[in-house]
Amino acid sequence: MNADVAPPTVAIEVVALTKRYGEGKPAVDNINLRIASGSYCCLLGPSGCGKSTTLRMIAGHEAVSSGDVLLENRNITNLPASQRGTAMMFQSFALFPHLSALDNVAFSLKMKGMAKAQRHAKAHQLLERVAMGPLAQRKPAELSGGQQQRVALARALINEPRALLLDEPLSALDPFLRVQMRAELRRWQKELGLTFIHVTHSQEEAMALADTMVVMNHGLIEQVGSPHEIYNRPVNEFVARFMGGHNVIDTPAGKVGVRTDQMLVLPANDALPEGYAAKAAVVSDVEYQGTYLLLGLRNPGATHNASSSADASVMLSESQFAARPFVVGEAVQLAWAPQAAHALKPTALA
Ligand code: ADP
Ligand code: MG
């Protein structure tokens, strides 16, 4: 080995990966993706878009129909799950309730026939790494959610994986615990310096966790980028709508996206600020949200969004709204500065 060779910067590479379950459109359709070493990657998209299938093909729990999976430049496509150098962490941690934290972590070593003293020493080391050493003898029921998650993490690390794969690990938790647990996951990922690939259908969860988000739809990748890039520059109408917080507006030059917090609402006959574009609209809802208000607007030339009764929405601070409160039914102008709008490409597949 040459000590000067830098460690691989790409942990996982997926090349022309496809999964067909039957006739018709593949569940995962010829996707390409490179995931940087030591990064937190979230696969995000609506239910049924192919996230779990992609993760399972990386893990070796699902055979590929075609394409390749590489881990640190090694082709692992046809290796069994246990020989890939990946590990899975399951929903709600899936700990054995009758075993101590230590025995949970040591379990797979026991299955491999490792002697008790040896496997306990190794499991202890891993529990120490996630600050669970002092609680090694507790059963899962005697541990908090955060502590159980750390035991599950230690158990997943027992075979020294190069990447940890997580399929909706937080979705069975109540909302309060979910937010707490995701902050812990993120902290441990950074602390361990390990590559995480985390599947979620929650935009909020992906944005809170990810260095890189991969937005999927109908077995295809729509966009890859940092949460900031994707939130501020969704490439197409699907991503803009799925991420939320954006209006999709039809203009003579095509569809544009504008963030709901970067739009202006003016009374129908007021003069527009210099350079602004506007559409006529009618206020359809006024929702109080605490630190801000959300105005729903009808018919501002936005493409109709079936999931909402309003065609567009605008976020106003409490003080903005107090200075000029709008009422339902009022005719207004929905306005935006040209620099707040960006062009949306047609969605790959409607
Ligand atoms: P996601 O995790 O994004 O919700 P999945 O990867 O589970 O989506 O599923 C993608 C598509 O493949 C869906 O249409 C789903 O019904 C289909 N699918 C998943 N697993 C199987 C299977 N074992 N047999 C047949 N179809 C499947
Ligand atoms: Mg899934």
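Nothing in this text is a laboratory measurement; each read-out follows from the coordinates by a stated rule. From a predicted model like this one, the values you see are computed outputs, not experimental measurements. When we count neighbours, we look across all protein chains shown, and the Cβ atoms used for this are built from the backbone with ideal geometry, even at glycine.
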Q | Under-5 Å amide H pairs with M216, H placed in peptide plane, nonlocal only | A | L44, G45, E222
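Let me know the charge dipole size of the stretch 10-237 about its Cα centre in debye, to the nearest 20, where only the beta-carbon of Lys, Arg (+1) and Asp, Glu (-1) is charged. Intermediate values should be presented prior to the final figure.
On the way: 25 positive and 21 negative charges, 183 e Å.
I would put it at about 880 debye.
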Q. Got a sec? Charge dipole of the chain, +1 on Cβ for Lys and Arg, -1 for Asp and Glu; which of L295, G22, Q137 is way out at the positive end?
A. Q137
(Q) With viscosity set to 0.890 mPa s at 25 °C, what whole-number translational diffusion coefficient in µm²/s follows for the stretch 12-53 from Stokes-Einstein and a Kirkwood radius over Cα pairs? (A) 212 µm²/s
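Stretched out fully, how many nm does the piece from R74 to A331 gain, at 0.36 nm a residue minus the Cα gap? Please report the intermediate quantities before stating the final value.
On the way: separation 257, 0.36 × 257 = 92.52 nm, distance 6.17 nm.
Difference between extended and current length: 86.4 nm.
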**Q.** Average projected area [Cα convex hull, the stretch 92-200], square nanometres
**A.** 6.6 nm²
Q: Quick one: Debye curve from the alpha-carbon atoms of the chain only, equal weights, vacuum; give me log10 I(q)/I(0) at q = 0.13, 0.14, 0.16 Å⁻¹ to two decimals.
A: -1.02, -1.11, -1.29
Q) How large is ³J(HN,Hα) for each residue in the stretch 242-250, as worked out from phi by the Karplus curve 6.51 cos²θ - 1.76 cosθ + 1.60 (θ = phi - 60°), to whole Hz, x for Gly and Pro? A) 5, 6, x, x, 10, 9, 9, 10, 7
(Q) Can you tally the lysine pairs in the chain where the Cα-Cα distance is under 28 Å and the two residues are eight or more apart, or on different chains? (A) 19
Q.
Between helix 145-156 and the chain, what is the angle of the helix's C-alpha long axis to the longest principal axis, kept within 0 to 90° and rounded to the nearest 10?
A. 60 degrees
**Q.** 12 Å beta-carbon shell around N247, net charge (K/R +1, D/E -1)
**A.** 0
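Would you list Y276, Y40 from fewest to most Cβ contacts within 10 Å? Numbers along the way, then the final one.
Values: Y276 16, Y40 22.
Going from sparsest to densest Cβ surroundings: Y276, Y40.
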Q. Ordered by residue, what ³J(HN,Hα) values in Hz, to whole numbers, does the stretch 112-129 give under the Karplus form 6.51 cos²θ - 1.76 cosθ + 1.60, where θ = phi - 60° and Gly and Pro are x?
A. 7, x, 6, 4, 4, 4, 5, 5, 5, 5, 5, 5, 4, 4, 5, 5, 4, 4
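Write down Rg/Rh for the stretch 198-331, rounded to two decimals, with Rg from the C-alpha atoms and Rh from the Kirkwood relation over Cα pairs.
Rg divided by Rh gives 0.99.
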Q: For an R0 of 45 angstrom, estimate the FRET efficiency from the Cβ-Cβ distance between A94 and H342 and round to the nearest 0.05.
A: 0.60
Q: In whole Å, largest first, what are the principal axis extents of the Cα atoms in the stretch 221-294?
A: 43, 35, 21
Q: Calculate how steeply helix 175-192 sits against the longest principal axis of the alpha-carbon atoms of the chain, using the helix alpha-carbon long axis, and give the answer as 0 to 90 degrees to the nearest 10.
A: 60 degrees
Q: Relative to the longest principal axis of the C-alpha atoms of the chain, give the angle of the C-alpha long axis of helix 101-111, reported between 0 and 90° and rounded to the nearest 10°.
A: 60 degrees
Q.
Need one word for the stretch 1-139: rounded, prolate or oblate. Basis is the Cα gyration tensor (sqrt eigenvalues a ≥ b ≥ c); a/c below 1.5 gives rounded, then a/b vs b/c decides.
A. prolate
Q. Got a sec to turn the phi values of the stretch 290-295 into Karplus ³J(HN,Hα) couplings, 6.51 cos²θ - 1.76 cosθ + 1.60 with θ = phi - 60°, whole Hz, x for Gly and Pro?
A. x, 7, 8, 10, 10, 9
